[in-house]
Amino acid sequence: MICVSKKKSYLKSQNLKIFGQGKLNGFVEISGAKNSALVLLAASLLTNEKIVLQNVPRLTDIEKMGNILKNLGVNLKEKNNTLEIDSKNISIKELPNELVNGLRASFFCIGPLLSKFGEAKVPMPGGCNIGSRPIDEHIDGLRALGAEILIEEGIVKAKIKGKKSRLIGTHIKLKCPSVGATETLIMAASLAEGRTTIENAAREPEVQDLCQMLNTMGAKIYDSGKEKIIIDGVNKLGGCIHKVIPDRIEAGTFLIAAAATSSSITISPVIPNHLEAVTNKLRKSGSKITIKGNSITINPRELKAVNINTAPFPGFPTDLQAPFTALMTIANGESKITETIFENRMNHVHLLNKMGANIKLDKNVAFIKGVKTIKGMDLLASDLRSSAALIIAGIIAKGNSRIYGLEHLDRGYENFESKLKILGIKITRQFNKSTSTNKEFKTSSDPADIPRFKVA
């Protein structure tokens, strides 16, 4: 990551101007989970009947996934946050690189296409540059189910072996509880012949949400949310109406922002047990957390340093490591943040130090000495969660900040700055009026001006 002031070319992009030392107050509505909606869109390929997905967040990643489905012949209709998906006319063909580039979730299509059509061609996945995210577990699992797989020139080509028309159920033991691999194999096994067991499966809420929708469609999946998942393959799946679960990462981001600014807010709707690892750490750091039904209220007090280790669910989520690091920069005492999931997910540390934080980085471990205040700066985010961390830092800071790299933010947070404004933060998205100057911007407070996903 680099400081914008040293790379003036980045001033031509959109930015968020943040007036520092803000306070949050009030209620914020949590959107549907991005990481759940993406895989549910892929799962809709498993049926010829209509799927209605409710509570779908309006994000650029969702737009990209919608365009991938449209390229396959899927008919999509969008109204507000609801998508009607009709896959009866899809055709099997290779997905073009320009559609899947930068969207790792595009690889989810391989399981449904292979299981439904007997073959699939999907480019290697892209996404945020936060470290190695190999697809070995996906490939090994699909091979165990009876697929022949060849990787040529960045294209994964999968086909059911021999003259068989269906994948065959089997026993799969994952080397690590990969969320993506677990979801890919669940979808592939849903239409396989016989029983599939997946050991060391991911237990994340998004996996559970996928299993719930598939079971509503007629699948037979047992014990989702446990380390061993059982899938009895069925001949076909039907349509359904399904509501995407609330986004636990967005919810956690707002709770952390409130703690960082000693602000009291209420968030809803949430599923509280999805956030236990986060709320437990916030309690230890000095916040009072009150849970009532599907809402959480935070009342921060003295901010104390606490240590975190990221881990698969139900552990502390890697997606909230960067925002929590921003919080710890101003905590009383010393904290240690250990990233165990991705090797390149400490890119925000360098910029937090530029703002005046005191962080020493040793590989994937950040040692933080809390400071009284940090200062506003113009900074460039390099990935989705670091953008949220820098925005929180900008809200904390003395003085104003501009945060660039909003293409990352718009991938995963719906109306983020609009929600912050509702909570009382002075924040404005600025658009460059002319490519001939680095100083001429227009501003917007209208959410309609923010990029939205559109499907026809």
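Annotations for the structure displayed:
- Once the Cα atoms are used to define both axes, helix 248-260 deviates from the longest principal axis of the chain by about 10 degrees.
- Shape summary: region 162-286 maps onto an equivalent ellipsoid whose semi-axes, from the alpha-carbon gyration tensor, are 36, 16, 10 Å in decreasing order.
- Global geometry of region 14-85, whether rounded, prolate or oblate, following the gyration tensor of its Cα atoms and the 1.5 cut on a/c: prolate
- Sequence ranges 306-312, 249-255, 202-208, ranked by mean other-Cβ count within 10 angstrom, highest first: 249-255, 202-208, 306-312
- Theoretical gain in end-to-end length, Asn235 to Lys375 [0.36 nm per residue, Cα-Cα removed]: 44.4 nm
- 3J(HN,Hα) along region 157-168: 10, 10, 8, 5, 4, x, 9, 6, 9, 9, 5, 10 Hz, from the Karplus curve 6.51 cos²θ - 1.76 cosθ + 1.60 with θ = phi - 60°, whole Hz, x for Gly and Pro.
- Beta bridge orientation in region 34-243: antiparallel %, DSSP, nearest 5: 75
- In degrees, nearest ten, helix 34-43 long axis to first principal axis of the chain (Cα): 10
- On the beta carbon distance between Asn309 and Arg283, with R0 = 22 Å, the FRET formula returns roughly 0.85.
- Straight-distance crosslink candidates among aspartates and glutamates, where the alpha carbon sits under 20 Å from Lys281 and sequence neighbours closer than 8 are dropped: Glu204, Asp247, Glu250, Glu302, Asp319, Glu334, Glu339
- Looking at the chain alone, DSSP beta bridges between its own residues are antiparallel in about 75 percent of cases.
- Shape of region 34-243 from the C-alpha gyration tensor: rounded (a/c under 1.5, with a ≥ b ≥ c the square roots of its eigenvalues).
- Accessible area in square angstrom per residue, region 34-243, 1.4 angstrom probe: 41
- The chain: radius of gyration and largest Cα-Cα distance (Dmax), Å: 22.1, 68
- Förster radius 35 Å - calculated FRET efficiency between Phe431 and Phe367, Cβ distance, rounded to 0.05: 0.35
- Under 5 Å between amide hydrogens, built in the peptide plane, is the criterion, and for Lys173 it picks out Glu199 among residues at least 5 positions away or on other chains.
- Shape call, region 266-352: gyration tensor on alpha carbons, a/c limit 1.5: oblate
- Distance between the pseudo-spin-label points of Lys164 and Lys70 (7 Å out from Cα toward the beta carbon): 3.7 nm.
- In this calculation the C-beta distance from Lys79 to Asn358 is compared with R0 = 60 Å, giving a FRET efficiency of 0.75.
- Accessible carbon and sulfur surface of the chain relative to its total accessible area, %, 1.4 Å: 46
- Potential lengthening between Lys292 and Asn101 on full extension [0.36 nm per residue; Cα-Cα distance subtracted]: 64.6 nm
The values are calculated or read from the model by the stated rules, or taken from the named source; none is laboratory data. Everything numeric here is computed off the predicted structure, so don't read it as measured data. Methodologically, a virtual Cβ is constructed for each residue, glycine included, from the backbone with ideal geometry; neighbour enumeration extends over all protein chains shown. We work out accessible area using only protein heavy atoms, side chains counted, and drop any ligands, DNA or RNA first. Shrake-Rupley method; radii C 1.70, N 1.55, O 1.52, S 1.80 Å.
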